[in-house]
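I have placed the structure first, in the form of structure tokens, so that the comments after it can refer back to it.
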Amino acid sequence: MVGSPELFADPFRPEKRLLFTRKNIFEFGTQWFDVMHLGYQPQFQSIILNLVKKQLCFVKYQEDTPPLLIVLFELTINEGDCMTTMTVSPGIERKASSRYLYLITLVAAVGGFLFGYDLSLISGAIIFLKAEWNLSPFWMGAIAGSAILGCPFGPLAGAWLADTLGRNKTLILSSALFIVSAVGCALAHGMFDFSLWRFIGGIGVGLASTVSPMYIAEVAPAGMRGRLVVINQLAVVIGLSLSVYVTYLFSFGGHWRWMFATMALPATAFLVGMFFVPGSPRWLAARGNYAKALEVLTVINGRIQAERELAAIRQELGEEQGGFRELLMPGVRRALIIGIGIMVFSQINGVNMILLYAPTLFMEAGITDAPNAILNSVYLMSWITFCTVVAFWLTARFGRRPIMIFGPIAMAAGHVLMFLRFTYALPPLVTLGGMFLAAGAFTLTLAPLSWVILSEIFPNRVRGKAMSLATMLMFAASYVTVNVFPVVLDKFKSAFGNPGGTFLIFAGICLLCSLFVWRMLPETKDKTLEEIGRFWLRGRT
């Protein structure tokens, strides 16, 4: 039908899509187009209205489109000129919903909570497992590291699962693994089947630790991405802290089985909550589902910004190949080296060992009662929870680079204090001071920002594969560290009468981390994922 002012009286309606066409002078017939890739261009609205009034274009409505979709037009100009495409968006703007954004972020962050809760339970339980199964230092490391041994398999499978099933469905699978692990550990008959169930839980940890921050980064606006991914880290720390409270409560009587059974409760809540979370708009766009991607972006960002963001996503996706081979291209390869390096440093810097073996270290420092050793760990976990809350302000106020450079230096100072405490038999309070300094600096800087940087530094189409590879190597490094740490402590005690030298090694690693960040990491604060992705893609040539 021919366009007219009456037909076009209310064309910019979000519930309908108005399609335009024009005759191509090089072809016979008329083709109808529905274009979505040029974004919001309000200057075309007046052009289209004038063309309709002059009957220079044809229009029709397409009724079967869902709400919230962009109204985009391709013109049919009957003046014999060559093909030109123009696009227009609706004039009605839908406001962004920060409440909805925070809600889906909190649900996804439960995966981070389970990450911290699951891995930290063993720190209090290991005291009772050592007594019940008469564990040697080697088997203490093996039992403590059984979950971490399973962690690399989560990202390994997650590379395919997150790209094939989607981020939210992969998190549903991880929640099911947490439930199975909780029940299995609570009913374990010996250290071998206990280790098996912990291994299964570790796979869930690997999936959640990779996909939760990835999902949050992909739904978050650029200006809020750092803070929202830190919510995931806050959830990790809350999980760490709550597990210490739980192990303390069940330490009276040595009820270690109930410690692990409690994990089934938050895991079930995570499973249910993920059914109400939408798909990642970046993943939806990469799969060609632009309509649904736009719908999610519109609710989060408002319509105009959603259109701009979808256009940028499509442009970047067109520049990417998405295979593992692209990870080895010069620009992306450097991003991969940065991601892997930061994640490995986040595990081998020694602070995670302080947190994991905190009750054991307190007992080494002279606190011989197990419940009191765990109680001191409660103080430590409360401290790192406070530091994580402060990290919200820190990431919003300062850039990624300065935080990541100075944080490891403060961590090294904490390790030096630990060395002095054990070497010169200083009061146990110095142990707590060294732990507070190292753990606080870690929680303010490297702990949250390593995940923020990992979730934002890669181009869209390879983000799942790159994050999975970096996280897998992170957990491999963590597994080696967890197993080696008690053995190294024992070796230093045998050779020097105290384990202090271990912490000098960790101090050196922290200084290397600071040097690595200074040399390699560009600033990514307040940049969109597409801007960061294009920065690396330009480096391929």
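Read the figures in this text as sums done on the coordinates, not as results from a lab. Keep in mind that what you see is a predicted model, and the values were worked out from it rather than measured. Ideal geometry is used to build each Cβ from the backbone, glycine not excepted, and the neighbour counts take in all protein chains shown.
TRP393 versus LEU196, label points 7 Å from Cα toward the beta carbon: distance in nm?
5.1 nm
Calculate the length of the line joining the C-alpha centroid of the stretch 403-422 to that of the stretch 228-253, in whole Å.
Value for the Cα centre distance between the two parts: 23 Å.
From the backbone phi of the stretch 258-270, what are the Karplus-calculated ³J(HN,Hα) couplings (6.51 cos²θ - 1.76 cosθ + 1.60, θ = phi - 60°) in whole Hz, Gly and Pro given as x?
5, 4, 7, 5, 5, 5, 5, 5, x, 5, 5, 4, 5
Taking the beta-carbon count within 10 Å as an exposure proxy, list CYS513, CYS151 from fewest neighbours to most.
So the ranking, lowest neighbour count to highest, is CYS513, CYS151.
Arrange TYR424, TYR117, TYR102 by Cβ neighbour counts within 10 Å, fewest through most, would you?
TYR424, TYR102, TYR117
State, to one decimal in nm, how far the label point of TYR102 lies from the label point of TYR245, with both points 7 Å from Cα in the Cβ direction.
According to this spin-label approximation, the distance is 2.1 nm.
Could you tell me whether the stretch 356-460 comes out rounded, prolate or oblate from its Cα gyration tensor? Rule is a ≥ b ≥ c as square roots of the eigenvalues, rounded for a/c under 1.5, then prolate if a/b exceeds b/c, otherwise oblate.
Since a/c reaches 1.5 and a/b is larger than b/c, the shape of the stretch 356-460 is classed as prolate.
Quick one: Karplus J couplings for the stretch 175-190, per residue in order, coefficients 6.51, -1.76, 1.60, θ = phi - 60°, nearest Hz, x for Gly and Pro?
Working through the residues one at a time gives 5, 5, 5, 4, 5, 4, 5, 4, 5, x, 5, 5, 9, 5, 9, x Hz.
By its C-alpha gyration tensor, with a ≥ b ≥ c as the square roots of the eigenvalues, how is the stretch 98-538 shaped: rounded for a/c under 1.5, else prolate for a/b larger than b/c, else oblate?
prolate
Taking θ = phi - 60°, what integer Hz values does the Karplus form 6.51 cos²θ - 1.76 cosθ + 1.60 yield along the stretch 205-222, in sequence order, with x for Gly and Pro?
4, x, 5, 5, 5, 7, 7, 4, x, 4, 4, 4, 5, 7, 9, 7, x, 4
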